[in-house]
Amino acid sequence: MRDDVVVVGAGPVGLLLAAELRLAGVSVTVIERAAERSPHSKALTLHPRTLEVLAMRGLADRFVREGTPLPSGHYAGLPARLDFSVLDTRFPYTLVLPQLRTEQLLEERLFALGGEIRWEHRALAVRQDEGGAEVDVAGPDGPYTLRAGWVVGCDGAGSTVRAASGVEFPGTSTTTTGFLGDVVLDEPPRVPSLTSEHGGILIVPLGDGHHRIAGSTRESATRPASEPFTLDELRAAVRAIAGTDFGMRAPRWLSRFGNAARQAARYREGRILLAGDAAHIHMPMGGQGLNVGLQDAFNLGWKLAAHCRGRAPADLLDSYHAERHPVGAALLENTQAQTAMGAVHTPDTRALRAVFSDILATHPTVNRQLAGQLSALDVAYPAPAGAAPLVGRRAPDVELEGADAPSLYPLLADGRFVLLDLGGSEDGGGAYADAMALAERVAGGADRVRVVTARPATAHQGWEGPLTVLVRPDGHIAWVSTEAPALSTQ
């Protein structure tokens, strides 16, 4: 019997996608070319929207327990920080947690749902026909072929799946490079970022005695990304910027990265789909890449599962591209803007940084706009013409009175839709029937809709007055009515 889905890549994006599929009862095989997890963590942060995503499946607390919350983020490493504390979320902070630990926790989730990972199994080729798709695999015991209904490439910037699908990957090549080093600092600085006429660095404690130093200088920016990065070069760069190396020693990982910015022209090509770095690459400015990839997976997971379970047509998968491709394009745009200010070191860019940092420090509206952008809390998907203003937007974790859970997100833990009545009238009738008919059509059956009647315990902008809201499994709003009566659970 064939699997419903083959996921290529066991990084954070592939793990979350596979877990979402297993939650819905979909058969999935995850293959990974590496023999084991890398001990090096390219990403270090989980942003507020990612923590909300995890909270919708009851997972956020275990991540928060192990991470370090910071009530701010950075834009291009500017001295003026983005204030996440003003955001309307249970998680108004950046959570510092190495990618390795994020992967381990997501792997535990997948295993708890009955999933597995085939380590050291490399995808060689992918092809598709009207009835399904095939992946040729090289494993420790020799080559074999996997047959599935769908293949999802979560296999990174050099994606074999993307190349095999024929999807174009337009964009720009590397023109400037940065560096990172995980080292022990005997005398770490008190501020997270430092700049001078020579360049700029960010310094983040990793919680295990090491610090991550990331940045660039006028000299380092011209080095090829493939050229080895040494401790001596890191020490010289930090001294040039800070006047000291902070007692740097014991390097654990030293690497370069480039500013190539590319995005797949299509996130779906027939029975092949792309997510995460396989769909978009960029300079790692603002710590957004892993987060946007996880949110790709969360958007795709319930849709692909609904189709595999016979609850939705394959056309639903086209909405994955329609909703997430613009988010990826915005990601490239803002990281390119940050690169222009944060990784190019000239008198002009220093002047630009000073002006822009002052704007962030003195104009809360601008600061809030960029904080919403980087945190992904402001992501809204296209809504049909004439839809209510909330449609397409994320649902906050509204605190509830009279429900089986203290707030909205725990009601989404099983991956179903939630039809939430927040204080309509008491007479039932046609509006309820219309609401349920829509919910069943979108969700793929009444059993995929949890009906909840409750009262909001706290105020949220746009949620005033009687509302009936259909919330998708990914926490975005599918439908809103201000006229529907209270819903019966009968």
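The values are calculated or read from the model by the stated rules, or taken from the named source; none is laboratory data. The structure presented is a predicted model; accordingly, all values stated were derived computationally and were not measured. Don't worry about glycine lacking a Cβ; one is built from the backbone with ideal geometry, like all the others, and counts go over all protein chains shown.
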Any hit, segment 27-42, residues being closer than 16 Å to LEU300 by Cβ and touching a residue at least 40 places away in the same chain (Cβ under 8 Å): yes
Single residue of ARG62, ARG90, ARG101, ARG22 found to be among the basic types (Lys, Arg), assigned to a helix (DSSP H, G or I), assigned by TED's automatic domain parsing to the domain that holds GLY289 and over 30 Å from GLY181 (Cα atoms): ARG22
Complete set of residues in segment 185-223 that are among the β-branched types (Val, Ile, Thr) and either surrounded by fewer than 17 Cβ atoms within 10 Å (Cβ to Cβ) or assigned to a loop (DSSP other than H, G, I, E, B) (or both): VAL191, THR222
Residue satisfying all of: in segment 25-59; part of a loop (DSSP other than H, G, I, E, B) and polar (S, T, N, Q); modelled with the highest pLDDT among these: SER27
Pair list, Cβ < 6 Å and 6+ apart or interchain, from segment 156-175 residues that are under 20 Å from LEU294 (Cβ atoms) to residues that are of a type outside the set (Gly, Ala, Ser): GLY156/ASP277; ALA157/ASP277; ALA157/ILE281; VAL161/VAL8; VAL161/VAL126; VAL161/ASP155; ARG162/LEU274
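Rundown of residues vs (1) buried (at least 19 other Cβ atoms within 10 Å of the Cβ); (2) outside the structural domain of ALA163 (by TED's automatic domain parsing); (3) farther than 19 Å from PHE169 by Cβ; (4) within 23 Å of the chain's Cα centre (by Cα), yes/no style:
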{"site": "ALA250", "(1), (2), (3), (4)": "no, yes, yes, no"}
{"site": "ALA275", "(1), (2), (3), (4)": "yes, no, no, yes"}
{"site": "HIS282", "(1), (2), (3), (4)": "yes, no, no, yes"}
{"site": "GLY286", "(1), (2), (3), (4)": "yes, no, yes, yes"}
{"site": "GLN295", "(1), (2), (3), (4)": "yes, no, yes, yes"}
{"site": "TRP302", "(1), (2), (3), (4)": "yes, no, yes, yes"}
{"site": "GLN336", "(1), (2), (3), (4)": "no, no, no, yes"}
Count - residues of segment 117-146 that are closer than 14 Å to ASP4 by Cα and surrounded by 14 or more Cβ atoms within 10 Å (Cβ to Cβ): 6
Any hit, segment 252-264, residues being within 27 Å of the chain's Cα centre (by Cα), in a loop (DSSP other than H, G, I, E, B) and within 16 Å of MET285 (Cα to Cα): yes
Counted residues, segment 445-467 - those being in a loop (DSSP other than H, G, I, E, B), under 26 Å from the mean Cα position of the chain (by Cα) and either of a type outside the set (A, V, I, L, M, F, W, C) or within 29 Å of LEU304 (Cβ to Cβ) (or both): 3
ALA330, sole failed condition from (1) under 23 Å from ARG49 (Cβ atoms); (2) of a type in the set (A, V, I, L, M); (3) without any contact (Cβ under 8 Å) to a residue 40 or more places away in the chain: (3)
